[in-house]
1. Being among the charged types (D, E, K, R) and more than 23 Å from residue 227 (Cα to Cα) is the filter here, so list the residues in segment 345-370 that pass it.
2. Which of the residues that make up segment 218-241 are open to solvent by less than 20 Å² (accessible area, probe 1.4 Å) and either more than 10 Å from the ligand (Cβ to nearest atom) or under 20 Å from residue 328 (Cα atoms) (or both)?
3. Can you name the helices (runs of 4 or more DSSP H) wholly within segment 242-345 that have at least 2 residues being under 21 Å from residue 137 (Cβ atoms) and more than 16 Å from the ligand (Cβ to nearest atom)?
4. Taking the options 382, 399, name whichever one is part of a loop (DSSP other than H, G, I, E, B), surrounded by fewer than 19 Cβ atoms within 10 Å (Cβ to Cβ) and at pLDDT 95 or above.
5. What residue, of 330, 443, is of a type in the set (Gly, Ala, Ser) and touching a residue at least 60 places away in the same chain (Cβ under 8 Å)?
6. Being within 16 Å of the ligand (Cβ to nearest atom) and within 21 Å of residue 279 (Cα to Cα) is the requirement here; does residue 132 meet it?
7. Which members of segment 287-327 meet the condition of being within 22 Å of the chain's Cα centre (by Cα), hydrophobic (A, V, I, L, M, F, W, C) and open to solvent by less than 40 Å² (accessible area, probe 1.4 Å)?
Amino acid sequence: MSRTVPFCDAAACERAGCTPTVCRGLGMPSNDAIFERSALAIPGGVNSSIRAFRSVGGRPYVVSRAEGARVWDVEGNELIDLVQSYGAIILGHAHPKVTEAIRAAAGDGTSYGAPTPREMKLAEEIRTRVPSCERVRFMNSGTEATSTAVRLARGVTGRKRIVTFHGNFHGATDALLAAGGSGLATLGLPGTAGVPEEAVANTWVLPYNEVPVLDADVAAVFVEPVAANMGVVAPVPGFLAGLRAECDRVGALLVFDEVITGFRLARGGAQAKYDVRADLTCFGKVIGGGLPIGAVGGRRDVMENLSPLGSVFHAGTLAGNPLATAAGLAALDELTDDLYVELLARARRLAAMLRDSFSANGIPAQFPVVGTLVGMHFGDALDRPPANFAEAKTTDEALYARVFHALLDHGVALAPGAYEALFVGAAHDDSVLDELATRVDAALRSLSA
Ligand SMILES: *Cc1c(COP(=O)(O)O)cnc(C)c1O
């Protein structure tokens, strides 16, 4: 790391004798200066480890503002953004309706410790769109949603075992941070330091897209109905319905983690698209309009086991937060059937454009489309999109890193990891996609040159 500057202004730079590579001698904030300074106060300079560019190399750009399909870093560089807060943003950044809703709500106070009409409306809206969610409880993140769902499933069934799938991601919840053994091994092993074996001893990790045979020890099966954290992997026909049937056979709960797919894949999320009803559904991301939120929805008889009606504890100081529910309501209000039709077309157009550009430049890559979600897989290890984690892992990560940086240099922001989805939204209109095509082409030409 180069020299750290205490402040990113001209006088401080002079005092610190900072080098042009740090602040470019402009006395203006630089990405590197702010990132280095952040790293003195925040471990690794990031508040979510995936933002740190570890898997692609280099250092992150530091965002100062965003609007629509674009973000600007602190140096004033403009990027067409396909990260969109990892899917939390679907209308584009700083959408006027969402911003106005937050502003109006903020004027009424930001948290009370009492019920509010906005949380009622958002719960009703979710129930209307996803009929399996007869009751909805809010919390502050997708992670809290999945951890609550684990506790609820165990409390309701009186069983301990949780089944998950390789390559599915359910947030930073101990019981769901299990790494599977190799191949068909089902033993839960801690997926990270700090998770004791006991915490995952009852978590089985199985291959995605294969319906397992369950037994009566299983409390719940957690699944991303479309996997969007190992690239984008569609459920094979019969997988979700097979899980439903198998859960019913042994009396286990089927939990859909729709933190990404909820209100992104379709008006009714993955459950509407695939016509399979979950017992519990976890939400986050889109339902907060870009503010922190999480929710668990599900069957009334299951949900009523949550405190205060039932014996499974749940509470949260900021749960059902007025700003987050206001932003979420404003976002859902814009997410009409017509807009989903539009988003489907844009996802297809983005993928087609990327395919053309990559193949014209001789760079092997696949861009699978599942509804409004676009995935990526690099290299020529597969002749069709991956169907499970083992296949997803054949992506050429080194190639991805090169593509990632070439795109960034040409004003296109992808997530700094080879297993993320590409997020298009309402702000990625035809003119943005045209401009994106030009930038992608220039970036790939620079790579093959
Ligand atoms: C993002 C994500 C989570 C975690 O949500 P946070 O709000 O980041 O805690 C859980 N499940 C899936 C499928 C996700 O994509």
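1. Within segment 345-370, 356 is the sole residue that qualifies.
2. 218, 219, 220, 221, 230, 231, 232, 233, 235, 239, 240
3. Here the list reads 300-303, 322-334.
4. Going through 382, 399 in turn, just one is part of a loop (DSSP other than H, G, I, E, B), surrounded by fewer than 19 Cβ atoms within 10 Å (Cβ to Cβ) and at pLDDT 95 or above: 382.
5. Testing whether each residue is of a type in the set (Gly, Ala, Ser) and touching a residue at least 60 places away in the same chain (Cβ under 8 Å) leaves just 330.
6. Spelling it out, it is not the case that residue 132 is within 16 Å of the ligand (Cβ to nearest atom) and within 21 Å of residue 279 (Cα to Cα).
7. Listed by number, the residues that qualify are 287, 293, 295, 296, 319, 323, 324, 326, 327.
Residue-wise test of (1) part of a loop (DSSP other than H, G, I, E, B); (2) within 14 Å of the ligand (Cβ to nearest atom); (3) at pLDDT 95 or above; (4) in contact with a Lys or Arg (Cβ under 9 Å, 6 or more places away or on another chain).
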| residue | (1), (2), (3), (4) |
| --- | --- |
| 168 | yes, yes, yes, no |
| 182 | yes, no, no, no |
| 199 | no, no, no, no |
| 211 | yes, no, yes, no |
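The values are calculated or read from the model by the stated rules, or taken from the named source; none is laboratory data. These numbers come from a predicted model, not from an experiment. A quick note on method: Cβ atoms are made from the backbone with ideal geometry, for glycine too, and the neighbour counts reach across all protein chains shown. Protein only, heavy atoms only, side chains kept; ligands, DNA and RNA dropped before computing areas. Shrake-Rupley method; radii C 1.70, N 1.55, O 1.52, S 1.80 Å.
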